[in-house]
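Novice: Take this structure, written in structure tokens, and hold onto it; I'll ask about it next.
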Number of protein chains: 2
Amino acid sequence: MNEDIFNKEIIDRVENVSPAVIRRLPRYYRYLRELIRAGQSRISSGELSKLMNVTASQIRQDLNCFGGFGQQGYGYNVNYLFAKISEILGVADNFSAIIIGAGNLGRALVGTRMFERRGVDVVAMFDISDEVIGKEFGGVKVYDMKDLKDFCSDKRIDIAVLALPKEVADDEVERLSAAGIKGIWNFTGKEIKTGRNMVFEDVYLGDSLMTLCYGVREKNIKDKKK
Amino acid sequence: MNEDIFNKEIIDRVENVSPAVIRRLPRYYRYLRELIRAGQSRISSGELSKLMNVTASQIRQDLNCFGGFGQQGYGYNVNYLFAKISEILGVADNFSAIIIGAGNLGRALVGTRMFERRGVDVVAMFDISDEVIGKEFGGVKVYDMKDLKDFCSDKRIDIAVLALPKEVADDEVERLSAAGIKGIWNFTGKEIKTGRNMVFEDVYLGDSLMTLCYGVREKNIKDKKK
């Protein structure tokens with residue numbers, strides 16, 4: 001098969017894929033990575049279904065969105081599927097990122113292997129505090145926020161991670177937009193009004209905590225009824 | 001209105017509410033909190049709709065699940081709605097929590113006001129490293145992991161936050177289950193097989209990052225087509 005045609009096909013199809021399917025792809029990515037590590041080279045939708053605890057028809061439906069990687073009677077080629085999902089998710093695009101805020105959260109994020117595992121290169125952190133400017137965390141140097149614009153004009157930076165208090169979130173996004181950043185990973189807990197030519201991915205940890213509290217409360221109610 | 005009857009009604013209804021609605025409640029909680037801060041005491045579903053950028057019919061549908069707080073022509077009573085959503089989400093239950101792992105992530109979490117804002121009391125952190133045992137972060141003391149079981153039998157602990165490497169996640173959950181913990185807030189990036197009598201809320205930051213990368217990639221493709 002001609003690779004270029006295949007890629008073009010994927011790109012055309014991707015625009016019609018629902019956000020719900022896109023949201024599920026990283027989970028496939030994680031499971032496929034584990035399978036590769038375990039040395040498994042092919043898997044049927046039935047096996048994958050058991051492993052991931054979703055229906056086989058859901059799996060076929062999700063993966064057929066991208067042109068159908070499966071083959072009747074053979075199953076999915078794990079390496080091929082992993083490579084294609086990686087490509088769709090931009091892992092192969094080698095995005096570069098900066099982290100805004102070198103407090104505990106910024107350090108926690110840079111201290112994990114999360115970025116490199118997904119092909120994202122964290123090239124710098126930025127902060128306003130003299131206490132951290134010039135220091136390194138996880139091998140990444142902290143720069144003065146004042147130098148953000150110059151830094152971004154020298155290098156192509158795709159993603160900014162917002163790990164700072166929500167009070168300054170809007171101003172920061174304005175600056176990052178002016179500096180040519182395309183994607184914002186927002187940990188501030190504040191919903192930032194879009195409209196700018198940027199992609200936002202918000203992480204609301206507080207919402208997640210409340211969902212857990214709801215679950216615990218519901219469990220307590222059920223346990224009492226027993 | 002008799003408060004007890006009302007509470008019973010809510011509790012009965014809550015069991016039939018879809019997880020999707022429950023997931024949306026924390027967002028209502030955030031917006032209502034902001035309204036209270038701004039001194040606004042009532043709001044129509046139309047206004048709330050504009051503010052939150054969802055349809056008014058979605059809002060009515062979501063909030064009617066809990067017995068309907070709105071009144072025709074008057075709108076929602078902000079304080080009452082906030083109090084009821086808080087109650088449903090267990091904010092008023094004053095859950096207590098421990099954080100397992102006093103590394104950067106554990107410290108980042110304890111350093112925010114996220115827990116106290118949602119009525120959750122973080123009473124201790126646990127770690128295996130002598131370097132941090134005995135220290136305090138955000139006013140919370142770090143204990144030796146060895147003392148976990150005794151600690152939990154002395155105090156009622158509802159929630160454990162897993163902020164440690166995924167390699168040890170399963171063993172830790174086993175221990176926490178034995179110690180009577182009811183809810184796990186899981187940051188390890190590992191899917192933990194349920195089946196235990198516990199509630200899990202998983203945070204997959206890596207999946208969130210990949211969703212962002214997908215968005216940036218899609219944006220790049222669209223921008224190139226222009």
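The values are calculated or read from the model by the stated rules, or taken from the named source; none is laboratory data. Please read all numbers here as calculations on a predicted model, not as lab measurements. For neighbour counting, all protein chains shown are included, and Cβ atoms are generated from backbone atoms with ideal geometry for every residue, glycine included. Areas reflect the complete protein model, heavy atoms only, side chains present, ligands, DNA and RNA absent. Shrake-Rupley method; radii C 1.70, N 1.55, O 1.52, S 1.80 Å.
Novice: Among the residues of chain A, which one places its Cβ closest to the rotation axis that maps chain A onto chain B, and what is that distance in whole Å?
Specialist: Rotation axis A onto B, closest Cβ, rounded to whole Å: A:A108, 2.
Novice: Right, next: Hey, what D do you get for the stretch A:86-226 in µm²/s if you plug the Kirkwood alpha-carbon radius into Stokes-Einstein at 25 °C and 0.890 mPa s?
Specialist: Working: Rh = 16.4 Å.
Rounded, D is 149 µm²/s.
Novice: Using a 7 Å offset from Cα along the direction of the beta-carbon, what are the separations from A:E34 to the same position in each other copy, nm, ascending?
Specialist: 3.7
Novice: Can I ask one more? Can you compute the charge dipole magnitude of the protein assembly as shown about its Cα centre, using +1 on each Lys and Arg Cβ and -1 on each Asp and Glu Cβ, nothing else charged? Give it in debye, rounded to the nearest 20. Walk me through the numbers before you get to the answer.
Specialist: Values: 68 positive and 64 negative charges, 229 e Å.
Dipole of the protein assembly as shown, to the nearest 20 debye: 1100 debye.
Novice: Would you kindly work out, in nm and rounded to one decimal, the distances from the label point of B:E116 to those of the same position in each other copy, ordered shortest first, with label points 7 Å along Cα-to-Cβ?
Specialist: In nanometres, ordered from closest: 3.8.
Novice: Over chain B, what is the relative contact order in percent, taking alpha-carbon pairs closer than 8 angstrom and at least six residues apart? Can you show the working numbers first?
Specialist: Details: 274 pairs, mean separation 28.5, N = 226.
So the answer I get is 13 percent.
Novice: On the full set of protein chains, 1.4 Å probe, figure out the accessible area of B:I221 and give it in Å² to the nearest 10.
Specialist: 40 Å²
Novice: Same structure, new question: Give the residue list of trypsin sites (Lys or Arg not before Pro) in the stretch B:38-135 that are DSSP loop and have at most 14 other beta-carbon atoms within 10 angstrom.
Specialist: Details: sites: B:R42, B:K50, B:R60, B:K84, B:R107, B:R113, B:R117, B:R118, B:K135; in loops: B:R113, B:R118, B:K135.
Sparse-neighbourhood loop trypsin sites (Lys or Arg not before Pro): B:R113, B:K135.
Novice: Which aspartates and glutamates does A:K50 reach when only Cα atoms under 17 Å apart count, and residues fewer than 8 places away in its own chain are ignored?
Specialist: A:E34, A:D62, B:E191
Novice: Separate question: Taking the stretch B:118-214, which GluC sites (Glu not before Pro) meet the DSSP loop condition and have no more than 16 other C-beta atoms within 10 Å?
Specialist: B:E131
Novice: For the cross-link pairs A:K149/A:K182; B:K166/B:K193; A:K182/B:K224, which exceed 18 Å when the distance is taken from alpha carbon to alpha carbon?
Specialist: Values: A:K149/A:K182 14 Å; B:K166/B:K193 13 Å; A:K182/B:K224 14 Å.
Those over the limit do not exist; all pairs fall within it.
Novice: Another one. Based on the alpha carbons, how large is the Rg to Rh ratio for the protein assembly as shown when Rh follows Kirkwood?
Specialist: Numbers: Rg = 23.2 Å, Rh = 24.0 Å.
The Rg/Rh ratio comes out at 0.97.
Novice: As a check on your grasp of the helix formula, calculate [θ] at 222 nm for the protein assembly as shown: sum -39500 (n - 2.57) over DSSP H runs of n ≥ 4, divide by the residue count, round to the nearest 500. Mind dumping the intermediate values first?
Specialist: Values: 20 runs with 216 residues, N = 452.
The helix-only estimate for the protein assembly as shown comes to -14500 deg cm²/dmol at 222 nm.
Novice: Something else: Using a Förster distance of 56 Å, how high is the FRET efficiency between A:S44 and B:N94, based on the Cβ-Cβ distance and rounded to 0.05?
Specialist: Values: r = 49 Å, r/R0 = 0.87.
My answer for the efficiency is 0.70.
Novice: Check which residues have an amide H placed less than 5 Å from B:D202's amide H, if you skip close sequence neighbours.
Specialist: Hits under the 5 Å cutoff: B:N186.
Novice: Just the number, please: buried accessible area between B and A, total of both chains, 1.4 angstrom probe, nearest 100 square angstrom. Don't skip to the end; give the middle numbers.
Specialist: Numbers: alone 14010 and 13970 Å², together 21890 Å².
About 6100 Å² of accessible surface is lost on pairing.
Novice: Would you mind telling me which residue in B:G189, B:G39, B:G215 has the biggest mean-square fluctuation in a Gaussian network model of chain B, where springs connect alpha carbons within a distance under 10 angstrom?
Specialist: In this elastic network of chain B, the residue with the biggest mean-square fluctuation among B:G189, B:G39, B:G215 is B:G215.
Novice: A follow-up question, please. May I ask what percent, to the nearest 5, of DSSP beta bridges between residues of the stretch A:67-160 are antiparallel?
Specialist: 25 percent
Novice: Toward the positive end of the charge dipole of chain A, about the Cα centre and with charges on Cβ (Lys, Arg +1; Asp, Glu -1), which of A:T211, A:A179, A:F115 goes farthest?
Specialist: A:T211
Novice: Which of B:I159, B:M125, B:N64 sits farthest toward the positive end of the charge dipole of the stretch B:19-174, with +1 on the Cβ of Lys and Arg and -1 on the Cβ of Asp and Glu?
Specialist: Going by the charge dipole, the pick is B:N64.
Novice: List the residues of the stretch A:82-102 that lose 30 Å² or more of accessible area once all protein chains are present, compared with their chain alone (1.4 Å probe, heavy atoms only, no ligands or nucleic acids).
Specialist: A:I88, A:L89, A:F95
Novice: Shortest first and in nm with one decimal, please list how far the A:E167 label point sits from its counterparts in the other copies (point 7 Å along Cα→Cβ).
Specialist: 4.1
Novice: Specify the residue with the greatest mean-square fluctuation among A:L162, A:L105, A:L209, computed from a Gaussian network of chain A linking alpha-carbon atoms under 10 Å apart.
Specialist: A:L209
Novice: If I take every Cα pair under 8 Å that is 6 or more residues apart in the stretch B:140-226, average their sequence separation and divide by the length, what percent do I get for the relative contact order?
Specialist: Numbers: 83 pairs, mean separation 20.3, N = 87.
Relative contact order, the stretch B:140-226: 23 percent.
Novice: Within the stretch B:136-226, what percent of beta bridges assigned by DSSP are antiparallel, to the nearest 5? Don't jump to the answer; show the numbers that get you there.
Specialist: Numbers: 2 of 10 bridges.
Given both bridge residues lie in the stretch B:136-226, the antiparallel proportion sits at roughly 20 percent.
Novice: Also, quick follow-up: Share of antiparallel DSSP beta bridges in chain A, in percent to the nearest 5? Before the final figure, lay out the partial values.
Specialist: Details: 5 of 25 bridges.
Around 20 percent antiparallel, to the nearest 5.
Novice: May I pose another question? Quote the relative contact order of the stretch B:75-201 in percent (integer), defining contacts as alpha-carbon pairs under 8 Å separated by 6+ residues. Don't skip to the end; give the middle numbers.
Specialist: Working: 193 pairs, mean separation 27.6, N = 127.
Value for the stretch B:75-201: 22 percent.
Novice: Something else: With a 10 Å cut-off between alpha carbons and a GNM built on chain A, which of A:S208, A:S57, A:S45 moves the most?
Specialist: Most flexible of the set in this elastic network: A:S208.
Novice: So how strong a dipole does the stretch B:75-224 carry about its Cα centre when Lys and Arg Cβ are +1 and Asp and Glu Cβ are -1, to the nearest 20 debye? Don't jump to the answer; show the numbers that get you there.
Specialist: Values: 21 positive and 24 negative charges, 122 e Å.
The calculation lands at about 580 debye.
Novice: Grab the beta carbon distance between B:R33 and A:N77, set R0 = 41 Å, and tell me the FRET efficiency rounded to 0.05. Numbers along the way, then the final one.
Specialist: Details: r = 50 Å, r/R0 = 1.21.
That pair, B:R33 with A:N77, gives E of 0.25.
Novice: Here's another thing I want to ask about it. Working with all protein chains in place, sort A:D150, B:D158, A:D207 by solvent-accessible area computed with a 1.4 Å probe, largest first.
Specialist: Working: A:D150 100, B:D158 0, A:D207 20 Å².
Result, largest first: A:D150, A:D207, B:D158.
Novice: For the stretch B:111-176, just the Cα atoms, rotate onto the principal axes and tell me the three extents in Å, largest first.
Specialist: Between the extreme Cα coordinates on each principal axis of the stretch B:111-176 lie 30, 26, 25 Å.
Novice: Still on this structure: Would you mind getting the accessible area per residue of the stretch A:71-177, heavy atoms of the protein chains only, 1.4 Å probe, in Å²? Kindly include the intermediate steps, with their values, before the conclusion.
Specialist: Details: 5020 Å² over 107 residues.
I get 47 Å² per residue for the stretch A:71-177.
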